[in-house]
1. In segment B:144-151, is there at least one residue being in a helix (DSSP H, G or I) and charged (D, E, K, R)?
2. Is it true that B:A723 is small (G, A, S), within 11 Å of chain A (Cβ to nearest Cβ) and in contact with a Phe, Trp or Tyr (Cβ under 8 Å, 6 or more places away or on another chain)?
3. Go through segment B:14-33 residue by residue and tally those that are buried (at least 16 other Cβ atoms within 10 Å of the Cβ) and either hydroxyl-bearing (S, T, Y) or in contact with a strand residue (DSSP E or B) (Cβ under 6 Å, 6 or more places away or on another chain) (or both).
4. Hey, among the residues in segment B:181-192 that are loosely packed, with under 15 Cβ neighbours inside 10 Å and under 22 Å from the mean Cα position of the chain (by Cα), which one's modelled with the highest pLDDT?
5. Please work out if B:A235 is at pLDDT 90 or above and out of contact with any strand residue (DSSP E or B) (no Cβ under 8 Å at 6 or more places or on another chain).
6. Testing B:G495 on (1) in contact with a helix residue (DSSP H, G or I) (Cβ under 6 Å, 6 or more places away or on another chain); (2) open to solvent by less than 10 Å² (accessible area, probe 1.4 Å); (3) not β-branched (V, I, T), one condition comes back false. Which one is that?
7. Could you please find all residues in segment A:68-93 being at pLDDT below 95 and more than 10 Å from chain B (Cβ to nearest Cβ)?
Amino acid sequence: MTDDRRPTLGELALEVRSKNAGPFWVTMELFMRTAEDYGTVADEDFINEQVIARLYDLDPADIQIFRIPALNVVKISYPRPVAQGSLRDRDIHAGQHHVPLAALVPP
Amino acid sequence: MSTPPTVLITTDYLVPGDEVDDLLRDAGFTTRHRPLRGTREQDELIAILDGCEGALIANEPMTAEVFARAPALRAVVRTGVGYDSVDVAAATRAGVSVSNLPGVNANAVAEYTMALLLAQARRLVPVAAGVQAGRWPREDGHELRGRTLGLLGYGATARAVVPLAQAFGLSVRCTTGVPEGQRHDASVQFVDLAELLATADFLSLHTALTPATRHLIDASALARMKPTAHLINTARGALVDETALAAAVRAGRLAGAALDVTGTEPLPADSPLRDVPGITVYSHLAGQTAEARRAAGLEGARELVAALRGRPRSSLNAHTMITSEMRPTLTSTPATEDPVPEETVRVLVPSGMLGAGFPPETIDRGIALGADVIAVDGGSTDSGPYYLGSGTAKTSAAAVARDLRILLRASADAGIPLIVGSCGTSGTDSGVDWVAGIAGGILREENLGLRVARIYSEQTAAALKERLNEGRVHPLPPMGDLDAATLDDCTHIVGMMGHEPIVAALEAGAQVVLAGRATDTAVAAAYPLMKGMPAGPTWHASKIIECGGQCTTNPRAGGVLATIDQGGFTIEPLDPAAACTTTSVAAHMLYETVNPFQMREPAGTLMVADATYTALDDRRVRVEGSRFEPADQYTIKLEGARITGYETMSFTAIRDPHILPRIEEWVALMHEILAGRVRQTLDLEPSGYAVDIRPYGYNAVLGSIDPAAGPPREVGVMMLVNAPDQATATAIAKIANPLMLHLPTPDMDYLPSLAFATSPAESERGPAYQFVLNHVVDADEPTGMFRIEIPEGDSRD
């Protein structure tokens, strides 16, 4: 039996993580293993504000994306959809917000 | 000229007339060879050190007394990797540089490790002994191919073992504190210690001996290993509880062990390891090849010469030696390289948060490295608005006292300031007083005469409303303009101070500064800025070190030391076994920041896009090119929290396979029926309270953005009720109680009974809070919004 399913970002990356950046922002980082994989995720046709907005149900204008080739990192920051610690906040440190991003499958 | 200075050589394979001897004599030294064979009495060591300025040493204990009684001694070099035999702190106090030679024998030890693996698997030693005794052993052995080698540690030696082991067909697993981002060998499977112990056919130790690793392999660790497994130790004997090991092998709970090192060497006659079938003890020879000895001898001699000339390259305590005015560096021959580094300030950060804990020896080491100030953050908003809202601390008093006691002692002993920022988690006035109370108790108990300053950062709604009316309060994204009523709603409001109030307290004579809310970086930046260090490197260094060891390859090993100078800064971990790499340092600018290239401070913006990161060696990183752009307007950022209501929580669990595929319908029905019952019972509409129902195990964490689908196996249902007062919240949760126990899905014609986790199912959470301020105030001057209190005299009373 062969598994010809293409790897997700989570499988491809060294680490995909998310965390609060202060009480009002979430920031996520994709740490890629190689310059080639970095090139894949840094490609604006693959990850851009519209893609993240669809994935996270956000306004694309609120999203900031930083591409850092020296570290093979793509960093994405956006306003916290729910205020930290409020009744509807189910992830106080925003430590699990990376999961939808990590599930993306690169082309 | 006077007689040439003498150096002692105790490493047993170094002999008069060899190339190491030639090198030292050519460098202008007289050599004295006194090889260590077995053990040596301390008095004898002190006697043979008499008059020596330097020493190339084996592993004899270099104790505080030895250093105290060898007044001529200025540099010691261990001709090996481990230096647990040397009291580095005592050496530093005595003004002696201590160096080791990391990695010098990695290949030798790796090859020996393979030899021990093969010897264990094929029983070479007992077989040869049997033939020698006239027998002809015929028992079979095992092959390495297909088996699992567990490496404890991922330093130079362990990494050298990996390709050799893989060539034999072993699969390699490793347990290490090196974080995932730094593990570059995809062929090695990194696992936790429990898994390593449970799965290794051969467990090989390659970690340093520290208080934390002493007897790491004890009876309970051995009990978790396979009974067919072998233990291999080429690192340090005291990593293993030898009595427990002997018992485990004798009882057949472990197949055997090959030990190149033991707790006491040579092996004592009454060692429990003697005469245990399956355990073979060797005489600490793993690193001893002609090649490694030659390298260790020559590198050691070169290092000794360099250290005696004031330019050691791998010194464990070099910085103190270079800058110490108490004991100026002597040069036996004129130094040929550039003299004396520029003026520097060294900041020791023990951990990311006061109360988080750190190994106490890391503080000794930071002091030995010449720390000029100890800085530690006492807070964060990261754990939520409760701590600011309630003015209470996240950390326990015991944890804060434990850390503070070590830091206060170090501060007093070394005569350097201690700065704690954001005291009590949120930096409220109550938080400052709480930490000050703990500190005062310690100062009395320890009889330390330190002056303690408190800096309060709480702001009143009334004062801020005046600023608001003046148009001097501005929102930060994503917030909108501030409504004055929001200020009144806050239970606590703090302003985040820059470095200036801390500097003011230090200049007024404080030795310990307990600050309210401060920027995470200001705590570390204050002292270097006060001493004239440039803003760019200072703020950048402060950002890198604010989380302690987070910028190293092993965040759990303790904190870091940043050395700031006019051209940049250098950063190194306090634990000699941990490392900073260009990646670990550069990546820290990503941590909990929105923008990794710019960071706003009250006085301006740190710009790091052009910074360069250079590895000075395998554990220190140099950073240059950081800039600080002063802002036109000095601003103080505000944080405030208000009560949103009072919460009561209820929790039940569902395993019924009929409900689980319909869990969303069940949640919707719960909301609908609960709203009706609350209306009937309490005459309360849904607008007067709030209910959040979280199906944990289904999509409670991510909700509608969860990428996965499909029915869960079981679901924990958390119901959180928020109401204007506690009694109402609890009344609603109690109304929900029978539903949390018996609610069916709409298609069911019977009432299920669900699984309450506790009795009672409800618990009251008290007031719930929300952060409501993300605004800055234009400040007239940096210290104006903060109150500094420094008592006369010290703070023991």
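1. Just the residues of segment B:144-151 that are in a helix (DSSP H, G or I), to begin with: none.
The answer is no, given that none of the residues of segment B:144-151 is in a helix (DSSP H, G or I) and charged (D, E, K, R).
2. Taking the combined requirement at face value, the residue satisfies it.
3. Number of matching residues: 6.
4. Ranking the candidates gives B:D192 first.
5. Values: at pLDDT 90 or above: yes; out of contact with any strand residue (DSSP E or B) (no Cβ under 8 Å at 6 or more places or on another chain): no.
No; evaluated as a whole, the condition is false for this residue.
6. Status for B:G495: all satisfied but (1).
7. A:P69
To keep it simple, each residue is scored yes or no on (1) under 42 Å from the mean Cα position of the chain (by Cα); (2) of a type outside the set (A, V, I, L, M, F, W, C); (3) closer than 28 Å to A:V82 by Cβ.
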| position | (1), (2), (3) |
| --- | --- |
| B:P712 | yes, yes, yes |
| B:V715 | yes, no, yes |
| B:V721 | yes, no, yes |
| B:R765 | yes, yes, yes |
| B:L773 | yes, no, yes |
| B:D780 | yes, yes, no |
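The values are calculated or read from the model by the stated rules, or taken from the named source; none is laboratory data. On a predicted model such as this, the values are computed, not experimentally measured, just so you know. For neighbour counting, all protein chains shown are included, and Cβ atoms are generated from backbone atoms with ideal geometry for every residue, glycine included. Accessible surface is based on the protein model in full, side chains and every heavy atom, while ligands, DNA and RNA are left aside. Shrake-Rupley method; radii C 1.70, N 1.55, O 1.52, S 1.80 Å.
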